[in-house]
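Shown next, in structure tokens, is the structure this report addresses.
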Amino acid sequence: MSELILKFNEIGIADVSKVGGKNASLGEMYNNLSAEGISVPNGFATTSQAFWYFVDANNIRNKLKDLLLTLDRINFTNLKLIGKLARALFIKATIPPDIAEAILNEYRILCGKEYFEVAVRSSATAEDLPQASFAGQHESYLNINGEQALLQAVQKCYASLYTDRAIKYREDNGFDHEKVALSIGVQKMVRSDKACSGVGFTLEPESGFRDIIHISGVWGLGENIVQGTVTPDEFYVFKPSLRAGKKAIVQKKLGDKSLMMIYTSDIKTGYTTVNIDTSQAQKKQFVLTDDEVTKLSKWTLIIEEHYKKPMDIEWAKDGNSGELFLIQARPETVHSRQNPLLLNEYKLLEKGTEIVKGDAIGEKIVNGIVKILHSPDDGYKLQKGDIVVTELTSPDWDPILKTAAAIITNKGGRTSHASIVARELGVPAIVGTNTGTRDLKDGQLVTVSCAEGKTGVVYDGLLKWKETALDFSNISMPENTKAMMIVGDPAKAFKLSFYPNDGVGLMRIEFIINNYVQIHPMALVKFNELKDIVVKQKIEEITNYAVNKEQYFIERLAQGVATIAAAFYPKEVIVRMSDFKTNEYANLLGGKDFEPIEENPMIGFRGASRYYNPLYTQGFRLECEAMKLVRDEMGLTNVKLMIPFCRTVEEGKKVIDTMAQNGLKRGVNGLEIYVMAEIPSNVIQAEEFAQVFDGFSIGSNDLTQLTLGIDRDSAILANLFSEQNKSAKTMIAMVIEKAKLVHAKIGLCGQAPSDFPEFAQFLIEKGIDSISFNPDALLKGIENMKNAEQKLRVAV
């Protein structure tokens, strides 16, 4: 009996050849990580020896061999028939009495006095290939209750070794069918159908960034998240903050969670699963509390450190006890095999008509022909290079998707089956479009772009685009001058962190307020005073009817900033406080009620002048509270703050005092506050400004504009606008020299140092401390900086 069955407390990761990767990992965690607080439901596993005993007792081995000899291994035209016949051999077989008795005996011990539900999971293994992963290829059966039901589930698990997708998987990976066995794990059932469940990765699943834990979840059974039936909640947790005991959730995204999969009774099977509509309250509520997210994150961190590799986990919450459990852990198989310093960058060269949008998976762009497929049975319509468009996918789609150039689904999130398969195949996918099968037409020529952040777009027609291979492994940095980046979009931060850089020299929060908050802060502060009913209704919808509207702004802004700060941690990230002009602020929801109309907003009520003015001081308070949350509670002290458009020294002092009153006191917890040098007064009185602030960042566009008296947005005067102008360069040289005299840090952010090598040389000759570039100009900028430093060394 001991050769046929092994209890979880008898197995570990070294037993993959006996019980497969899934069961070996469960046993490993149950035995070695329970002391760390990780909860794994107890159970037992049938062995590979039991499987071969079952096969030989029913004379199946040779029949399977003969059957697979007839498989069309070129086009797999008869795959469906071969799979059906192979599975029938197992279903018609009989479990040998000693195997059945061994299983039922352990089941009785596991249950105790009365039977309860168990999960019956498949775990494939190959004696000669213990490293093989068979994730998602075989069936599992949940909520099994009673001896007869258990034996039936075991037999169906054995048969699932020959699902169509499993056969194709082994063929694609060169695995000998005759050497692959199946172990079956029988585990106490976690009643997540009454609560919630989900998955997690110990790295960011799109970029492979290692310092993030990504957790997603749905109400009810996890099948909805695997199939992509609903859009899940997502949580991004920063490992260094987690280790330090700080608030580590740097980003939260509320999914629609429109359906909840539960169990219901069935006359024939005893149970079945159904999807029911979730309530409005459930849709607006995260499936996990912050404490639960933190607990799961700590568990996944322990698991990653134990296995010494990135991991992919499944979790479930029991609706009866309220307890959290881990029900699976396996190695992450996509990014852990890739070199993050080797990237391909994709860029659209033209814009077209947008048809549908959704979550972007991967970062590629492809052209192709749309093929609307309603089920795997439609796979014959697909030609290599076509774009699959469907409602959602499941593992049964795997053999088909291997020929697709891209995948578009109506439903699903970043951890759905379509997303996982797309990453493994290295093809772009856009999931959760809602209307892809309706708005796209069969045979239509389209361009699929996942290169524009986290939102993927399908464009009409075959647009032009380019691919650039980037190799960062051999790029050296300038020796004496920091090469920094300009970053505004949190969705791109993790990918950009792999670029060669010395940190972020400019992060404008306007992008986050525009795209992540969308609402004028004063409209949240004075929500009850708003007169426009339509505006109030829109704000209610965006804020998810939160009672504390101010907290919505604080948390959304903090999460956007924290995502970028985490991506570049521990390098410095200089965050510029808001610098909307009045006309720009008025475009935010509710903004028209709080913004004056100005003839020339470019030199009007903007930047520092707003922060202490009664018209905006409460809005600035929310900005400060967000930055305090990022630095003090999340522990991202690499964030430094910068004040834009500060006209006078006295104004600078007012702003510093206002920030201190809002909990951001210069010097406390290492806080540094910089000022933009973008007004001639900043240059003329640089020594005095240096007494108020910790450093400068030259805003060359505004400084050139105000030096030459040219509206930088004027098309008529565009030919006169140049940072290379002698007057503009004189102002830049002057502020650098003054900053150096008083030992204040000074940098510059702008395009000119990458476009013009002589401008980079000019800055470095003057002793600039750092230069910040947009990502697409970074490599050229670094090259120009290194050449300038070399020339300076030669000259000396």
Computed over region 218-338, the convex hull of the Cα set has an average projected area, in nm², of 9.4 nm²
Sequence order, region 585-593: Karplus ³J(HN,Hα) from phi using 6.51 cos²θ - 1.76 cosθ + 1.60, θ = phi - 60°, Hz rounded, Gly and Pro as x, gives 4, 5, 6, 6, 4, x, x, 4, 6
Packing-ranked peptide list from 545-554, 606-615, 593-602, highest mean Cβ count within 10 angstrom first, is 606-615, 545-554, 593-602
The base-10 log of I(q)/I(0) that the Debye equation returns for region 496-621 at q = 0.22 Å⁻¹, one scatterer per C-alpha, is -1.28
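At 25 °C and 0.890 mPa s, grab the translational diffusion coefficient of region 698-781 from Stokes-Einstein with a Kirkwood Rh over Cα pairs, rounded to a whole number in µm² per second. Walk me through the intermediate numbers first.
Details: Rh = 13.2 Å.
Here the translational diffusion coefficient equals 185 µm²/s.
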Checked against a 24 Å limit on the C-alpha separation, the offending pairs among Lys247/Lys364; Lys84/Lys168; Lys347/Lys538 are Lys247/Lys364; Lys347/Lys538
accessible surface per residue for region 443-483, probe 1.4 Å, DNA/RNA/ligands not counted, whole Å² -> 48 Å²
Between Glu147 and Lys351, Cβ-based FRET efficiency (R0 45 Å, step 0.05) works out to 0.10
Given a Förster distance of 30 Å, the FRET efficiency implied by the Cβ-Cβ spacing of Lys466 and Lys791, rounded to the nearest 0.05, works out to 0.40
The rounded separation in angstrom of the Cα centers of region 347-376 and region 772-793 is 35 Å
Whole-percent tail of the Cα-Cα distance distribution for region 643-796, cut at 23 Å, equals 41 percent
Along principal axes, largest first, the alpha-carbon spread of region 1-157 in whole Å comes out as 51, 32, 26
Applied in sequence order to region 399-409, the curve 6.51 cos²θ - 1.76 cosθ + 1.60 (Karplus, θ = phi - 60°) yields integer Hz couplings, x standing for Gly and Pro, of x, 7, 5, 5, 9, 7, 7, 7, 10, 10, 10
Per-residue accessible area, 1.4 Å probe, largest first, puts Thr273, Thr704 in the order Thr273, Thr704
Note to self: C-alpha centroids of region 47-64 and region 1-25 sit apart, in Å, by 18 Å
Computed on Cα atoms only, the convex hull of region 437-483 has an orientation-averaged projected area in nm² of 5.8 nm²
Counting only protein heavy atoms and rolling a 1.4 Å probe, one gets per residue an accessible area for region 1-100 in Å² of 48 Å²
Percent antiparallel among DSSP beta bridges confined to the chain, nearest 5, equals 65 percent
For Leu629, the net charge from surrounding residues (Cβ-Cβ under 9 Å; K, R +1; D, E -1) works out to -1
Taking Cα pairs closer than 8 Å and at least 6 residues apart, the relative contact order of the chain in percent is 9 percent
Heavy-atom accessible area of the chain with neighbours in place, 1.4 angstrom probe: carbon+sulfur share in percent works out to 50 percent
Counting only residues 5 or more apart in sequence or on a different chain, those whose built amide H sits under 5 Å from that of Val573 are Val504, Val639, Lys640
Rounded to one decimal in nm, the spacing of the 7 Å Cα→Cβ label points at Gln285 and Ile716 is 6.1 nm
Once phi for every residue in region 218-228 is put through the Karplus expression 6.51 cos²θ - 1.76 cosθ + 1.60 (θ = phi - 60°), the whole-Hz ³J(HN,Hα) values, with Gly and Pro written as x, are 9, 6, x, 5, x, 4, 5, 6, 5, 6, x
Counting only protein heavy atoms and rolling a 1.4 Å probe, one gets per residue an accessible area for region 685-768 in Å² of 44 Å²
Amide H proximity to Leu748 below 5 Å, modelled H, separation 5+ or other chain, gives Ile698, Ser770, Ile771, Ser772
Counting only residues 5 or more apart in sequence or on a different chain, those whose built amide H sits under 5 Å from that of Glu323 are Asp318
Region 609-721, Kirkwood Rh and Cα Rg, ratio Rg/Rh at 1.03
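The values are calculated or read from the model by the stated rules, or taken from the named source; none is laboratory data. Quick caveat, the model's predicted, so the values are computed rather than measured. Note that we place each Cβ from the backbone using ideal geometry, even for glycine, and neighbour counts take in every protein chain shown. Surface accessibility is based on the protein's heavy atoms, side chains included, excluding ligands, DNA and RNA. Shrake-Rupley method; radii C 1.70, N 1.55, O 1.52, S 1.80 Å.
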